[in-house]
Amino acid sequence: WLARPGELLHWENGVLSRHSTSNAWGGHKVKQLVMDARGNLWAATGGPLQLHRFADGQFSSYGREDGLFNLDDLRRLHPDREGNLWVGTGGGLNRLQPRRLVSLLTGSQSAMDEVYSVAPGRDGRVWLATSYGLLKFQNDRFTIYSNHQSLRPNNPQRVRPAFEHSSGAVYFGLD
């Protein structure tokens, strides 16, 4: 899959297919494309509606009326093994479950709302890189590893992309 302003391209078995995005994101820049376990293609874009799904040759766009808040600065999409789509934004975290939307970390107007990266972990946990620090979400609870506490107490910096290795070790970058 390749996205460019105005169209979505798909190369498969030597055949290039083109899909117009004029009814979805138009000419806005595509920030990220991800495929979920059900074969849906998700796009994070600029513009008033920033989350789009392409399935069965049709586009669906999602926004405030669907319960998604703080999409002004959509930063990261991540589909997990359980069928959820995690949506990290500059204003919080949303989790689209197969038939339900859950908004997490939204509306507090804190630095913890700024989600830069969403990474899967073992046993269903999810790691979040935020400007507040590294957060682990597991069993519907957050554990916070603050920049000011345990990561680098004498030199607090923002946490950037996180990754959990199959061994359980967590790797992340700092600004």
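The values are calculated or read from the model by the stated rules, or taken from the named source; none is laboratory data. Just so it is clear, the structure is predicted and the values come from calculations on it, not from any experiment. Here Cβ is always computed from backbone atoms with ideal geometry, including for glycine, and neighbour counts include all displayed protein chains. When the accessible area is computed, the model is the full protein with side chains, heavy atoms only, and any ligands, DNA or RNA have been set aside. Shrake-Rupley method; radii C 1.70, N 1.55, O 1.52, S 1.80 Å.
For segment 7-66, the candidate set comprises residues that are closer than 25 Å to Ala119 by Cβ and of a type in the set (Asp, Glu); within that set, the residue that is modelled with the highest pLDDT is Asp36. Pairs are defined by a Cβ separation below 9 Å, a sequence spacing of at least 6 or placement on different chains, a first member in segment 4-27 that is touching a residue at least 60 places away in the same chain (Cβ under 8 Å), and a second member that is among the β-branched types (Val, Ile, Thr) and open to solvent by 50 Å² or more (accessible area, probe 1.4 Å); no pair meets this definition. Taking segment 1-63 as the region of interest, the strands (runs of 3 or more DSSP E) fully inside it that hold 1 or more residues being surrounded by 14 or more Cβ atoms within 10 Å (Cβ to Cβ) and touching an Asp or Glu at 6+ places or on another chain (Cβ under 8 Å) are 15-20, 41-45. Restricting attention to segment 1-39, which residues are at positive phi and among the small types (Gly, Ala, Ser)? Result: Gly6, Gly14, Gly26, Gly39.
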